[in-house]
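Written below as structure tokens is the structure these notes are about.
The values are calculated or read from the model by the stated rules, or taken from the named source; none is laboratory data. Keep in mind it's a predicted model, so treat the numbers as computed, not measured. Note: ideal-geometry Cβ built from the backbone for every residue, glycine included; neighbour counts use all protein chains shown.
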Amino acid sequence: MIKSMTGYGSAKGDCGGLEISVEVRSVNARYLDCTIKMPRVFSAIEETLKAVIQKHISRGKIDAYVSIDSSAAYDMEIKLNRPLAEAYVSVLRTMAVDYGLSGDVEVIDVARFPDVLRAEKREYDPDRLGGDISKILESALSGFNDMRIREGQKLYEDISARLDEIERLTTATEEISPRTVMEYRKKLGIRMSEVLQTAGIDEARILTEAAIFADRVAINEETIRLRSHISQLREMLRSGEPVGRKIDFLLQEFNREANTIGSKGNDAEMSRVVVDLKAEIEKVREQAQNIE
């Protein structure tokens, strides 16, 4: 089943004490354009996340938002400058002995000295973090793809109905074309009678002129190709593969055949049918812009 290029999905999870929230949105685009927005400190895993997205999506403008909440995590780490602390303790004990001071060295006393304790941001393993966030992203993409499949089903139904109408209009052009030749033959006989002012018209000449006209306005080749294009498009819609760009190309062929039929048609009724035919093809083209 085809997929729409527009969709939305989200998921949340915990990665080593970090609260991770992922949102994925997409809109139409000719090619794949993927942007990941996340805190710069974690930018090292951006390419890992892009690779995950590219496994699921082949076309569209993708915006992935990765929010990382470290407020409940041990984001800040307190480190002890052990050599400095030991130096302070040693000096304090020496002072106590040298100057006859009472009391032992307390922890709080040492901790107050400059640079004994320092707060640092916790370091994360980018490979592990990338793997953890990728799992949450996969979950978001699952919901994202479900939405695209639902939208794709609607597109499939609409385009299929329009293909039925295009096929009906193609049949209508095939029915009109022979009548156009017959009417031309009658008009030709009347005009020749008026010009020659006699009833003795050379029937063979009329037949020859009508045959030449019939060959010039014949649309058999165009309608055969148009029906072939309709069949190909239906197969594409059922393939389940990303076919948006292929459909774009095929619809150009639809328009080419319709334009040729219109240029050959020398009849008001044919012109009306061709206008309707081209309108349906344009509606299919508009819907196809949403297909991955």
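Yes or no: Ser58 part of a strand (DSSP E or B) and of a type in the set (S, T, N, Q)?
no
Considering the stretch 266-282 alone, what residues qualify as being surrounded by fewer than 16 Cβ atoms within 10 Å (Cβ to Cβ) and within 17 Å of Asp248 (Cα to Cα)?
Ala279, Glu282
Residue-wise test of (1) surrounded by 13 or more Cβ atoms within 10 Å (Cβ to Cβ); (2) under 30 Å from Gly9 (Cα atoms); (3) at pLDDT below 85.
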{"site": "Asp104", "(1), (2), (3)": "no, no, yes"}
{"site": "Arg118", "(1), (2), (3)": "no, no, yes"}
{"site": "Arg128", "(1), (2), (3)": "no, yes, yes"}
{"site": "Ile133", "(1), (2), (3)": "yes, yes, no"}
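Go through Glu151, Glu123, Glu138, Glu157 for me and flag whichever is within 30 Å of Gly9 (Cα to Cα), in contact with a Ser or Thr (Cβ under 6 Å, 6 or more places away or on another chain) and either in a helix (DSSP H, G or I) or at pLDDT 65 or above (or both).
Result of the check over Glu151, Glu123, Glu138, Glu157: Glu151.
Select from the stretch 13-38 the residues that are in a strand (DSSP E or B) and surrounded by fewer than 14 Cβ atoms within 10 Å (Cβ to Cβ) and write down the one among them that is modelled with the lowest pLDDT.
Checked the stretch 13-38; the qualifying residue modelled with the lowest pLDDT is Asp14.
Considering every residue within the stretch 72-93, establish whether at least one is farther than 30 Å from Leu233 by Cα, in a strand (DSSP E or B) and free of Cβ contacts under 8 Å to residues at least 12 places away in the same chain.
Taking every residue of the stretch 72-93 in turn, none turns out to be farther than 30 Å from Leu233 by Cα, in a strand (DSSP E or B) and free of Cβ contacts under 8 Å to residues at least 12 places away in the same chain.
What pairs can you find where one residue is in the stretch 218-244 and of a type in the set (D, E, K, R), the other is part of a helix (DSSP H, G or I) and crowded, with 21+ Cβ neighbours inside 10 Å, and their Cβ atoms are less than 7 Å apart, with a gap of 6+ or different chains?
Pairs that qualify, where the first residue is of a type in the set (D, E, K, R) and the partner is part of a helix (DSSP H, G or I) and crowded, with 21+ Cβ neighbours inside 10 Å, are Glu222/Glu257; Glu222/Ile261; Arg225/Glu257; Arg227/Thr170.
Among the helices (runs of 4 or more DSSP H) contained in the stretch 195-292, which hold 1 or more residues that are modelled with pLDDT under 90 and among the acidic types (Asp, Glu)?
203-217, 220-239, 268-288
More than 19 Å from the chain's Cα centre (by Cα), assigned to a strand (DSSP E or B) and small (Gly, Ala, Ser): does that describe Ser10?
No, not satisfied.
Quick check on Glu86: is it over 27 Å from Asn145 (Cβ atoms) and either surrounded by 14 or more Cβ atoms within 10 Å (Cβ to Cβ) or of a type in the set (D, E, K, R) (or both)?
yes
Within the bounds of the stretch 185-192, is there any residue that is modelled with pLDDT under 95, β-branched (Val, Ile, Thr) and farther than 30 Å from Glu292 by Cβ?
Checked the stretch 185-192: at least one residue is modelled with pLDDT under 95, β-branched (Val, Ile, Thr) and farther than 30 Å from Glu292 by Cβ.
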